[in-house]
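The values are calculated or read from the model by the stated rules, or taken from the named source; none is laboratory data. All values derive from a computational prediction rather than experimental measurement. Positions of Cβ are backbone-derived with ideal geometry, glycine not excepted, and every protein chain shown enters the neighbour counts. Accessible surface areas use protein heavy atoms only, side chains included; no ligands, DNA or RNA. Shrake-Rupley method; radii C 1.70, N 1.55, O 1.52, S 1.80 Å.
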Amino acid sequence: MHPPRILLGVNIDHIATLRQARGTRYPDPVQAALLAEEAGADGITVHLREDRRHIQPRDVRLLAEVLNTRMNLEMAVTEEMLLLAEEIRPAHVCLVPEKREELTTEGGLDVVGGFDLIADACRRLSAIGCDVSLFIDPEEAQIDAAVRAGAPTIELHTGTYAEAKPGSDAANAEFKRLNIAAVHAVSAGLVVNAGHGLNYHNVEAVAALPGINELNIGHAIIARALFVGLKDAVQEMKRLIIAGQEAGLMAALDAHDHEQHHNGCCSH
């Protein structure tokens with residue numbers, strides 16, 4: 001059976017960043033979300049940070065009412081955020097680490113170190129019908145802890161790969177790490193998403209990783225939209241991730257055929 005088409009979640013945080021810079025009512029991230037959906041986004045991702053630097057509670061409440069796809073609410077594991085999620089009941093919640101002084105999320109959630117708190121959050125969110133995801137580094141220990149915590153989905157942190165110089169040993173090593181993590185997570189029964197730092201130059205390789213369900217991408221799409229418009233920016237990214245997935249599937253099929261041929265030869 002052919003695997004389902006890879007999904008694109010469009011993060012609209014930086015539409016709100018531009019609005020908050022002047023304290024105006026525009027540009028409205030809700031309007032951006034609807035445009036992204038029309039362009040083919042499979043979901044809309046927003047990160048309601050504790051310092052409210054971009055997305056506001058008002059945005060989250062409105063999006064919950066008007067989206068035609070689904071909202072993926074990224075949030076820290078705090079009582080305030082859990083209460084908000086219990087009020088709004090988004091389709092998806094992705095639990096992420098958060099530090100006030102960081103420019104953007106700097107790494108994955110430490111599920112091993114904060115297990116009890118995270119497992120309790122997973123239970124509370126699952127109880128109200130949320131599909132819970134944990135944003136983690138590509139490490140087997142964190143993946144195994146996510147399974148024990150009861151999260152059906154993980155999002156692999158691709159930031160380290162994205163920040164490495166393309167083609168460098170560091171980039172290759174990090175890509176191998178992501179590949180091993182994706183295989184391990186799929187074998188553990190998890191739905192595997194990925195995101196952070198992905199752009200129009202590096203996304204195809206990540207989309208080709210085995211078993212990737214969805215990529216969440218924001219900054220690169222919003223930046224490209226300044227020059228080509230949001231609709232074209234979303235459509236171009238979607239074309240790239242589908243091309244990447246298809247390339248990955250073909251490579252896997254070729255490897256399987258080669259192995260079958262080799263085994264057939266060896267059996268004579």
How far is it, in nm, from the label point at Ala223 to the one at Glu38 when both lie 7 Å from their Cα along the line to the Cβ? 2.6 nm
On C-alpha positions alone, give me the angle between the axis of helix 29-38 and the longest principal axis of the chain, in degrees, nearest 10. 40 degrees
Using a Cα-Cα cut-off of under 20 Å, which lysines could be cross-linked to Lys176, ignoring same-chain neighbours fewer than 8 residues away? Lys165
Let's test the formula: R0 of 30 Å, r as the Cβ-Cβ distance of Ile242 and Lys99. What FRET efficiency results, to the nearest 0.05? 0.30
In whole Hz, with x marking every Gly and Pro, tabulate ³J(HN,Hα) for region 63-78 from phi via Karplus 6.51 cos²θ - 1.76 cosθ + 1.60, θ = phi - 60°. 4, 4, 8, 10, 5, 8, 9, 7, 9, 10, 8, 8, 7, 6, 8, 10
Using only DSSP helix segments of four residues or longer, with each worth -39500 (n - 2.57), what per-residue ellipticity at 222 nm results for the chain after dividing by its residue count and rounding to 500? -16500 deg cm²/dmol
Amide H to amide H, which residues 5 or more places from Asp131 or on other chains are under 5 Å from it, using H placed in the peptide plane? His92, Val93
Helix 140-149 versus the longest principal axis of the chain: what is the Cα-based angle in degrees, 0 to 90, to the nearest 10? 60 degrees
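Summarise the accessible area of the chain (1.4 Å probe, protein heavy atoms) by the percent that is carbon and sulfur.
Summing carbon and sulfur atoms, their accessible area is 55 percent of the total for the chain.
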Please report the base-10 log of the normalised intensity I(q)/I(0) for region 136-185, using a Debye sum with one equal scatterer per alpha carbon and no solvent, at each q in 0.23, 0.27, 0.29 (1/Å). -0.78, -0.96, -1.05
Loop-resident trypsin sites (Lys or Arg not before Pro) in region 57-135 with no more than 14 other Cβ atoms inside 10 Å, DSSP not H/G/I/E/B, are Lys99, Arg100
Enumerate the aspartates and glutamates that Lys238 could reach by cross-link, defined here as Cα to Cα under 14 Å, with residues fewer than 8 away along the same chain left out. Glu37, Glu38, Asp42, Glu204, Glu214, Glu246
Dipole magnitude of the chain, debye to nearest 20 (Cβ charges: Lys/Arg +1, Asp/Glu -1, about Cα centre): 720 debye
Cβ-Cβ FRET estimate between Leu83 and Glu140, R0 fixed at 41 Å, reported to 0.05: 0.80
Here the tail fraction of P(r) beyond 25 Å, over all Cα-Cα pairs of region 20-157, rounds in percent to 27 percent
For Asn72, other-chain or 5+-apart residues with amide H closer than 5 Å (H placed, Pro excluded) are Ile44, Thr45, Val46
